[in-house]
Amino acid sequence: MKHTIKKMNILKRIIFAVVLIIPTTIAAAQSKAALTIGDTAPELKYAKWIKGTPVTKYEKDHLYVFEFWATWCGPCKAAMPHLSELAKKYQGKVTFVGVNIWEKTGDKPYESSLPAVTNFVKSVGDKMAYNVIADNNEQHMANKWMIAAGQNGIPSTFLLKNDKVIWIGHPMKLDSIIELSISGKYDMEAFKQEFNGSKIKNEAYMAKFKILEPMMKAFKAKEYDKTLAIIDTLNISDPMISMQANVAKLNVLFAQKKETEALSFSQNWLKDNKGFGGTVAGIIIGIEGLSKKSYLYAADLGKAVLAEEGVVKPLVQHFIATAYDKAGDVKAAVAFEIMAVQGAKDALKEGKFVGSILDSTVTEFEAQLDLYKKKL
C-alpha cells in the first residue's frame, strides 16, 4: 500500500494529470479584482516560513519580490533557477520570496500540503536560492493577493516598494523592471493603466467559464446523466470550454462503466486534438479495473508524448510503465521503469528538469522497479 501511494503521488506530477482548474477561475471571475498597481500591499500571512529569514517589515526604498508558485506547476519550476540568479545578483537590494499556493489537497486543509512542499523545497536546494513560504488554511495569500489582483494563473510575481504593489507580471519579465525601479526610471502610472486594461479583459474572459458551474456541480454530485445533459447544451466553440466539457464527458462515461463508448469518444476527440493525448491517458491510468485494451491505449498515448519537445521523459516513461503494469504486461513495465530510473539519475547529474525530478523521484522509481521485477 505504501508504494501504491507513492506511485500515485508521482503520477500527480506528470503532465498527464488532469487538472480541472475551472472552479478556481470561476471564483476569481465572480468577484471583481480589488487590488491594483499603486495600492498598499495586503497583509503578509502564511502557514510556515519554510526557507530563509522572515520579513517582519518592509524597509524604505527596498524592493520585495513575491513570486507565487506550486509544486505541480511546470512553468513555476522552470523559473526557479532564473529567480535564484536574480536573488544572488541583487542581494542586499531586493528580497525574494517564493509563495506556495494552490496545492492539490482535495477536501483536506491547505496546510496538509506542508510536508510535501517542505520536502520539495529541500530537494531543489540552491535552485531555490531565496526565501520560501507556504499559504495557510484560509489561503490568505491566494485570495488576498492573487485573486484580489485578478491573477488566475501561476507563476505570477508581485514587486513591492515602500509598502506599495508597483508591478505584477510573469517572473521572466522581472529583470528589466528591477533595473528600472532601482534606477528610478520605472513609470508605475503608465504600467498601472496597462495593467488595469488587461485586467478588465481578463475578467470578461474568465466570466464566460461561469457556464461550466452546473456541469461541475452535477459531476461532483455523481449525477452523471444530468452532467451529460448539461454538456449537450454547452457552446463548445471556445477551445477551453470544449476541453473541460470533453474531460468531464470522458470521466462520466468511465464512471458509468461505458468503457467501449469512452474509448470511442476519446479516439474521435483526439483525431483533431492530438495535444490532449496525455490528458486522456491520465484519465485512463487513474481508473482501476479497466480492460487490458484501455491501459495499452494509454501506454501508446504516452509513447506519442515522448516524441514531443520539452517533455520530462523520465516521468512519462514511469507513467507508461504504470500503464503496462495495469495491462498485465510486466515485462514492458520493467523495461520502461528501467529507462525512467536511469533518465531520472541522469537528469539530477545534469541539473535538468528542476523541481520535476528530485532525489525522492529516483528512490520512488527504484522502489517501483523492484515491485515490477518481483512480479516476473
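The values are calculated or read from the model by the stated rules, or taken from the named source; none is laboratory data. No experiment lies behind these values; they were computed from the predicted model shown. Using ideal geometry, Cβ is built from the backbone for each residue, glycine included, and neighbour counts are taken over all protein chains shown. Accessible surface areas use protein heavy atoms only, side chains included; no ligands, DNA or RNA. Shrake-Rupley method; radii C 1.70, N 1.55, O 1.52, S 1.80 Å.
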Next on the checklist: Starting from 0.36 nm per residue, how many nanometres of slack lie between ALA335 and GLU85 once their C-alpha separation is accounted for?
Outcome noted: 86.2 nm
Checklist outcome for this item: Expressed in angstrom and rounded, the centroid-to-centroid distance over alpha carbons for the range 210-264 and the range 70-129 is 34 Å
Checklist entry - Taking R0 as 35 Å, what's the FRET efficiency between ALA207 and GLN267 from their Cβ-Cβ distance, rounded to 0.05? => result 0.55
Next on the checklist: 7 Å from Cα along Cα→Cβ at both SER291 and ASN143: what's the point-to-point distance in nm?
Outcome noted: 4.7 nm
Item to check | Of all DSSP beta bridges in the chain, antiparallel share, percent nearest 5 | outcome: 60 percent
Checklist entry - How much length is gained if the chain between THR53 and THR36 is pulled fully straight, taking 0.36 nm per residue apart and subtracting their Cα-Cα distance, in nm to one decimal? => result 3.4 nm
Next on the checklist: How much length would be gained if the chain were fully extended between ASP126 and LYS345, taking 0.36 nm per residue of separation minus their Cα-Cα distance, in nm to one decimal?
Outcome noted: 77.0 nm
Checklist entry - Rounded to the nearest whole Å², what accessible area per residue is found for the range 31-134 with the 1.4 Å probe? => result 47 Å²
Checklist entry - Where in the range 314-329 is the amide nitrogen less than 12 Å from a point lying 7 Å along the Cα-to-Cβ axis of LEU376? => result none
Next on the checklist: Under the √(5λ) rule applied to the eigenvalues of the Cα gyration tensor, what semi-axes describe the equivalent ellipsoid of the range 129-284? Give them in Å, descending.
Outcome noted: 41, 17, 16
Checklist entry - Where only protein heavy atoms count, and the probe is 1.4 Å, what is the accessible area per residue for the range 170-247 in Å²? => result 61 Å²
Checklist outcome for this item: About its Cα centre, the range 121-279 carries a charge dipole, from +1 on Lys and Arg Cβ atoms and -1 on Asp and Glu Cβ atoms, whose size in debye to the nearest 20 is 220 debye
Next on the checklist: Using each residue's phi in the range 197-206, evaluate 6.51 cos²θ - 1.76 cosθ + 1.60 at θ = phi - 60° and report the 3J(HN,Hα) Karplus result to the nearest Hz, with x for Gly and Pro.
Outcome noted: x, 5, 5, 5, 5, 5, 5, 5, 5, 5
Item to check | Rounded percent of accessible protein surface that carbon and sulfur make up, the chain, 1.4 Å probe | outcome: 53 percent
Item to check | Lys, Arg +1 and Asp, Glu -1 on Cβ, resulting dipole of the range 31-78 about Cα centre, debye, nearest 20 | outcome: 220 debye
Item to check | GLU43-ASN119 pseudo-label distance in nm [points 7 Å out on the Cα-to-Cβ vector] | outcome: 3.3 nm
Item to check | Rough spin-label spacing in nm, given labels placed 7 Å along Cα→Cβ, for LYS352 and LYS257 | outcome: 4.5 nm
